[in-house]
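Notes to accompany the following structure.
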Amino acid sequence: MTERVREILSWYESDNPGTRTNLARLLNHGRLGGTGKFVILPVDQGFEHGPARSFAPNPAGYDPDYHFQLAIEAGCNAYAAPLGFIEAGAANFLGEIPLILKLNNHDVLYDEKDPLSAVTGSVDDALRLGCAAVGFTIYPGSTQARIMYEEAREIAKEAKSKGLAVVLWSYPRGSGLSKEGETAIDVVTYAAQIAAQLGAHIIKVKLPSAHIELGEAKKVYQRYHIPIETVTDRVRHVVQSAFNGKRIVIFSGGPRSEDEAFFGEARAIRDGGGFGSIIGRNSFQRQKAEGLAFLRTVMGIYAGEIQ
Amino acid sequence: MTERVREILSWYESDNPGTRTNLARLLNHGRLGGTGKFVILPVDQGFEHGPARSFAPNPAGYDPDYHFQLAIEAGCNAYAAPLGFIEAGAANFLGEIPLILKLNNHDVLYDEKDPLSAVTGSVDDALRLGCAAVGFTIYPGSTQARIMYEEAREIAKEAKSKGLAVVLWSYPRGSGLSKEGETAIDVVTYAAQIAAQLGAHIIKVKLPSAHIELGEAKKVYQRYHIPIETVTDRVRHVVQSAFNGKRIVIFSGGPRSEDEAFFGEARAIRDGGGFGSIIGRNSFQRQKAEGLAFLRTVMGIYAGEIQ
Amino acid sequence: MTERVREILSWYESDNPGTRTNLARLLNHGRLGGTGKFVILPVDQGFEHGPARSFAPNPAGYDPDYHFQLAIEAGCNAYAAPLGFIEAGAANFLGEIPLILKLNNHDVLYDEKDPLSAVTGSVDDALRLGCAAVGFTIYPGSTQARIMYEEAREIAKEAKSKGLAVVLWSYPRGSGLSKEGETAIDVVTYAAQIAAQLGAHIIKVKLPSAHIELGEAKKVYQRYHIPIETVTDRVRHVVQSAFNGKRIVIFSGGPRSEDEAFFGEARAIRDGGGFGSIIGRNSFQRQKAEGLAFLRTVMGIYAGEIQ
Amino acid sequence: MTERVREILSWYESDNPGTRTNLARLLNHGRLGGTGKFVILPVDQGFEHGPARSFAPNPAGYDPDYHFQLAIEAGCNAYAAPLGFIEAGAANFLGEIPLILKLNNHDVLYDEKDPLSAVTGSVDDALRLGCAAVGFTIYPGSTQARIMYEEAREIAKEAKSKGLAVVLWSYPRGSGLSKEGETAIDVVTYAAQIAAQLGAHIIKVKLPSAHIELGEAKKVYQRYHIPIETVTDRVRHVVQSAFNGKRIVIFSGGPRSEDEAFFGEARAIRDGGGFGSIIGRNSFQRQKAEGLAFLRTVMGIYAGEIQ
Amino acid sequence: MTERVREILSWYESDNPGTRTNLARLLNHGRLGGTGKFVILPVDQGFEHGPARSFAPNPAGYDPDYHFQLAIEAGCNAYAAPLGFIEAGAANFLGEIPLILKLNNHDVLYDEKDPLSAVTGSVDDALRLGCAAVGFTIYPGSTQARIMYEEAREIAKEAKSKGLAVVLWSYPRGSGLSKEGETAIDVVTYAAQIAAQLGAHIIKVKLPSAHIELGEAKKVYQRYHIPIETVTDRVRHVVQSAFNGKRIVIFSGGPRSEDEAFFGEARAIRDGGGFGSIIGRNSFQRQKAEGLAFLRTVMGIYAGEIQ
């Protein structure tokens, strides 16, 4: 075990050895194993946006096995997906990559302003499918947030008692926020804090903008001159907001974007003390060779081999 | 066991031997046994539309035994019905045909825009009645969809742990969709994907039209030239959307129609890689001899004996 | 055991011996024992309409013992009442008459358009009080129907596993229906079908009128010339709609009416193949001697001794 | 055991010996022990109306021990209070007076038209605190009545299985009723009937007026000339409506009133066959000596020693 | 054990020895151990107001370990925080300070008029993390109050059965109250009474103003001349309202304020018989040395060493 992995695991000493073993699996697997950095492949877009929008750009992605193979070959730390995708492939790739079962999902056939994802899997499903962790999405700012916090907490409690790690996707949206506010720096840091207080081991947030949404927060940012000008500044502030860096925070890749812009963001995440990226559409919506090359560049940046 | 059945079962290796045994029973029973194709008799219309609308065209159908006999004599893979019908006949036809207990139902005495079916049976009912599978309907696009997804998932979890197979009827409707959108190609494929991600072994959808409902989806269909002109094209795209063909997708027969039109659709389903049909009103609303002849023709098409 | 009782019990072979024993007790008890016909005394009007409206016409009825005595002396097949009445008398009349514990009730101190009865008793209460069956009311056509169906099903499941019989009162009402529609022939047959599909052993409906409520149903009644002109025709059609006569259907007596009219309806029920009547106000709202005479006449009609 | 106590207990023979033992404790305790009459001290006004409104008239009442002492010294049959008050004193007065744990409560900091009390205690709390009974309030006429009936029934079921007695406060109010209707004779008798049907052993209602609220009821009261002119008449009719006197009905004292008026009501309750009073504010809002004297007079009336 | 601690514990004799042991731990720990007075450090502002608003004034507070250290070094009786903060530090400070796990939380990303906090932790979490007590917030006056009362009671019941102490934060707000009414003397005393009746061992309220919110209460305050002019008067009245001083009531510090004003309030709390303060922002939003000095002064006031 590297010193860095040992240090990270020391933040989770309230957890039982089972959960810490699974955190260690995530930290030690793949190309970034041992560095304390993460690149995770998530594929829930089939449920969230529909199959054609997700997989038509690279039809190989309709097949559940494809994403296991992509994550394994790229050397990701883990592969995250909903029940159906994990069930379809788990028996074919036993032990080849840590799995994160995503336990709630939302579709856009009815697309409400204050969404509440459906719980689509359970901790026991994760266990029977050999997963290392469970994932769950909360939408702070939604009128439904309370329900999702309580579901997240119930799942976290059960997962921890059964030796799994807990990953929360904390994505602000809903009636409490403007569109711009969903990625505002005060809102994203607040979302990271909420996820940490709910007991998440790993927190996934969006890369924040320099916008400040809430009036009370704005006064504080100005009074204390909190640096938020650059992406690196903002990443550092998000990491600080997740228990002063004592919780793993990784950043969402978002929709397919220009490679150089993406690599620039990865550098900023690295330089700001972020723990890595969760990269879906930017990897599986390309031809496989291209996707692998892309992921390797990102991993190289996180490993510090590419500047 | 035929090679095709072995191949199909290989997609479900995450399931326990009990569940795979029941999938094998469905695949190996009746006229199409071993071909990987399905014709299933479903009779829930008494609940869904009322008794006279369902059974007056052929009053023999008021009797629960009739449908068991029809399915057995026609050589269907299975017979699906709500609790009352299965309870009324199960003891009379022990082991003569695989049974699918339909676990939720809806009536039209109060016919709401965003329907939520009542849960009318349980996994334990299916076990005590000797069923091979449970069935459940979800309505993606309804404001109530989240509740049905969660019910479906709970039932699927329990069924799988108790060795049963899971069939989801995925029928888009409700406030999120136009009437035409309920059978739009992007919507039906999305419905198939959702059912697959929820962990269905067998997915039942309606035969889609070439209409595209959602703006974001339309851009993708155009940009990637996804073929949806013919019924065969669309069936192929639905099958692709159900984990690249690794989940069994069968198509709903709908209301009583012209025989030749129906046979044409069966050919398209077959040629597009579909796994078969679930045929209710087109079979039981005829005199028995006529119904049997009709079903045999459809089976002949699926078996490849009738072009 | 008579041939008729044996035949009726043969329709319930999916049930365990405990439940069939209790069905046999109901079929074999009292003046009509062995005939396959039923006259049941129900007294839930104290809860449903208030005590004075129910018992002032014959104040002996304020006393819970009175109804036990009335049902026993008249030779009814069973006595049905809510928890309080059964608790008050059960220990005084041990084994003298089969009891049906009515498990939900509604009052009119707040009288809503779409009623949802309160669950006021449990299957375990029925067991500890020595009952043969549980009773439950559903209101198809109400916006609340789904909840009642699910409650009915839960109760039926538990009752069957514990060896009790299940009686459903299926009374259409609520936003989905006009006042006239509540007793329309298409609606009452639909209500009988729903109760049967929910797993009821015994179904209680109101005597239907010749009115047809639903447009889609009307087309079918006309196209197939379903006979609904006379009460006897309509009873026959209700019985057909309850699994072609393979579920016991009995008819509600309704408010106090003229004796001759009532006897005429009993003849029509008998001649249409109905299984009998559930008679409350017409029996207990008279002086006891008169009530007994009335009930004996009805039983004579069902026994075929009075034409 | 007196003959009267033996007679009263005979109405509860469906209950287990544990519950009947606790009923016997209530019947045999204190100044009225053995007479079949009751005076109970209830103190939930701190929760229901606030502390100053309840206890400022006699500040000794802020202290939980005070009410135990008052009830014991006065010779009440029982003392009823919410969880906090019972927890605070139970260990100090072990076995000195039967206790009734009030299991739901409502406050007026938010005072809604259709109130639903919060469940604030459990049957197991009553057991661990050595109580003889549990108490629960229902509000017939409220849009929320169904929920309270179901909660009452759940609690009654559990209490009976664990050997406790069940006291229901049945207080009509809410959207279904006018203000005057809350104490109308037809409404109070209906409330008593509902509580009895829900399985209450002891029913607490308000003393009714001669007003008749419901149109259907009015017709019956007129047609059958039900006597409701005097308080004694109305008490007799309430007692009749509670299973012809086979359930214990006691009457609520209401807000602090003139002594002579109160004593007159007690005489009417006694002469109409009522079982006694539950007296809170009229006793604990006085200086202790005065409160004791007041309670002794009421008990003297019930004992028949004071005319 | 001091006499005062023994006296305080005597009020909780209905509790099991496990719970009383934990109350004793809280009473005997730190600078005020044995005096019967409390200063508790609560840090849930990261969740309630967001991380920057809470921790930017003293960025050391982003780190969960900081608050443990602050509470330990200052000699607080206990440290209270949500799940995440306690999990992050519990293993580092085993047994060094009694912990209170705060079991519900609310954020302002969606800030509703009638808030309902999310349940974010459980009694079992408190046990596995070595806590002495659980904390829970109720908002009397909110349309959601009933739900919170029931949650509080469920948690209190479980905590007591598992040997933990129960702390309720009782903060009136919502539709039932004006802004000024949230701290009105009649409302705060009512809130203290409700918490006591719900079974709290320790009650946390805000320091009340002399405003009276409710009309019915105003009449009583005037009629009985209840003294509420000074802070000391009002503290005394709050303590009286919590079972005549037989429940521990401590007062909330509120937002960062002038030191002298704060010390004045502490003197008034002490002189009015209050049990102490819960001080968050006034302590952790300063540099550590300054925070420790501040807390020591407050403790000196409570210990009676500083006048």
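The values are calculated or read from the model by the stated rules, or taken from the named source; none is laboratory data. Predicted model, so just to flag it, every value in this text is computed and none were measured. All Cβ positions, glycine included, derive from the backbone under ideal geometry; neighbour counts span all protein chains shown. Surface areas here come from the heavy atoms of the whole protein model, side chains and all, with no ligands, DNA or RNA. Shrake-Rupley method; radii C 1.70, N 1.55, O 1.52, S 1.80 Å.
Within the range A:42-61, the only residue that satisfies the criterion of being outside any helix (DSSP H, G or I), small (Gly, Ala, Ser) and surrounded by 24 or more Cβ atoms within 10 Å (Cβ to Cβ) is A:Gly50. Scanning the range B:125-150 for residues that are of a type in the set (Asp, Glu) and either within 14 Å of the chain's Cα centre (by Cα) or within 10 Å of chain A (Cβ to nearest Cβ) (or both) yields a single hit, B:Glu150. Please go through the range E:20-41 and give me each residue that is under 17 Å from E:Ala200 (Cα atoms), open to solvent by less than 50 Å² (accessible area, probe 1.4 Å) and either without any contact (Cβ under 8 Å) to a residue 24 or more places away in the chain or more than 18 Å from the chain's Cα centre (by Cα) (or both), ordered by number. The answer is E:Ala24, and nothing else.
For (1) within 20 Å of E:Tyr302 (Cβ to Cβ); (2) basic (Lys, Arg), each residue gets a yes or a no:
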| position | (1), (2) |
| --- | --- |
| E:Arg146 | no, yes |
| E:Ser161 | no, no |
| E:Gly199 | no, no |
| E:His211 | no, no |
| E:Val220 | no, no |
| E:Pro227 | no, no |
| E:Thr230 | yes, no |
| E:Asn244 | no, no |
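Considering the range C:209-235, and only residues there that are among the acidic types (Asp, Glu) and loosely packed, with under 13 Cβ neighbours inside 10 Å, the residue that is farthest from the other protein chains (Cβ to nearest Cβ) turns out to be C:Glu229.
Please enumerate the residues belonging to the range C:290-301 that are open to solvent by less than 10 Å² (accessible area, probe 1.4 Å) and touching a residue at least 12 places away in the same chain (Cβ under 8 Å).
First pass over the range C:290-301, keeping only residues open to solvent by less than 10 Å² (accessible area, probe 1.4 Å): C:291, C:294-295, C:298-301.
Selection gives C:Gly291, C:Phe294, C:Leu295, C:Val298, C:Met299, C:Ile301.
Going through the range D:167-186 one residue at a time, which ones are closer than 20 Å to D:Tyr79 by Cα and out of contact with any strand residue (DSSP E or B) (no Cβ under 6 Å at 6 or more places or on another chain)? Write out each step before concluding.
Step one: list which residues in the range D:167-186 are closer than 20 Å to D:Tyr79 by Cα, which gives D:167-171.
Within the range D:167-186, D:Tyr171 is the sole residue that qualifies.
Is it fair to say A:Ile138 is touching a residue at least 60 places away in the same chain (Cβ under 8 Å), closer than 17 Å to A:Val238 by Cβ, among the hydrophobic types (A, V, I, L, M, F, W, C) and touching a strand residue (DSSP E or B) at 6+ places or on another chain (Cβ under 7 Å)? When the stated conditions are applied, A:Ile138 passes them.
Taking the range B:81-98 as the range and being within 13 Å of another protein chain (Cβ to nearest Cβ) and within 23 Å of B:Val5 (Cβ to Cβ) as the test, no residue passes. Being closer than 30 Å to C:Arg25 by Cα and of a type in the set (A, V, I, L, M, F, W, C) is the filter here; which residues of the range C:165-183 pass it? Correct list: C:Ala165, C:Val166, C:Val167, C:Leu168, C:Trp169. Among the conditions (1) within 22 Å of B:Leu41 (Cα to Cα); (2) touching a Phe, Trp or Tyr at 6+ places or on another chain (Cβ under 8 Å), the only one that B:Ala159 does not satisfy is (2). Looking only at residues of the range D:170-196 that are more than 10 Å from chain C (Cβ to nearest Cβ) and not in a helix (DSSP H, G or I), we find that the one that is surrounded by the fewest Cβ atoms within 10 Å (Cβ to Cβ) is D:Lys179.
Tell me yes or no: at least one residue of the range D:67-80 is among the aromatic types (Phe, Trp, Tyr), assigned to a helix (DSSP H, G or I) and more than 8 Å from every other protein chain (Cβ to nearest Cβ).
Among the residues of the range D:67-80, at least one is among the aromatic types (Phe, Trp, Tyr), assigned to a helix (DSSP H, G or I) and more than 8 Å from every other protein chain (Cβ to nearest Cβ), which makes the answer yes.
Could you tell me whether the range C:71-79 includes any residue that is more than 30 Å from C:Ile306 (Cα to Cα) and not hydroxyl-bearing (Ser, Thr, Tyr)? Within the range C:71-79, none of the residues are more than 30 Å from C:Ile306 (Cα to Cα) and not hydroxyl-bearing (Ser, Thr, Tyr). On the stretch given as the range A:200-259, residues that are among the acidic types (Asp, Glu) and modelled with pLDDT under 95 total 2. Listed conditions (1) under 29 Å from C:Tyr12 (Cβ atoms); (2) within 21 Å of the chain's Cα centre (by Cα) are all met by C:Asn282, apart from (1). Among the residues of this structure, C:Glu112 does not count as one that is farther than 21 Å from C:Val249 by Cα, of a type in the set (Asp, Glu) and touching a residue at least 24 places away in the same chain (Cβ under 8 Å).
Among the residues of the range B:290-307, the one identified as in a helix (DSSP H, G or I) and of a type in the set (S, T, N, Q) is B:Thr297. Scanning the range D:46-56 for residues that are in contact (Cβ under 8 Å) with a residue 12 or more places away in the chain and either at the interface with another protein chain (Cβ under 7 Å from one of its Cβ atoms) or within 21 Å of D:Val298 (Cα to Cα) (or both) returns D:Gly46, D:Phe47, D:Gly50. Cβ separations smaller than 7 Å between residues 6+ apart or across chains give the following pairs from the range D:227-239 residues that are assigned to a loop (DSSP other than H, G, I, E, B) to residues that are open to solvent by 20 Å² or more (accessible area, probe 1.4 Å): D:Pro227/D:Asp233; D:Ile228/D:Ala210; D:Ile228/D:Arg234; D:Glu229/D:Ala210.
Would you please name the residue that is nearest to the other protein chains (Cβ to nearest Cβ), looking only at residues in the range C:236-272 that are closer than 15 Å to C:Ile202 by Cβ and surrounded by fewer than 24 Cβ atoms within 10 Å (Cβ to Cβ)? Of everything passing the filter in the range C:236-272, C:Lys246 is nearest to the other protein chains (Cβ to nearest Cβ).
Here is the figure for the range C:273-289: residues that are crowded, with 17+ Cβ neighbours inside 10 Å and in a loop (DSSP other than H, G, I, E, B) total 6.
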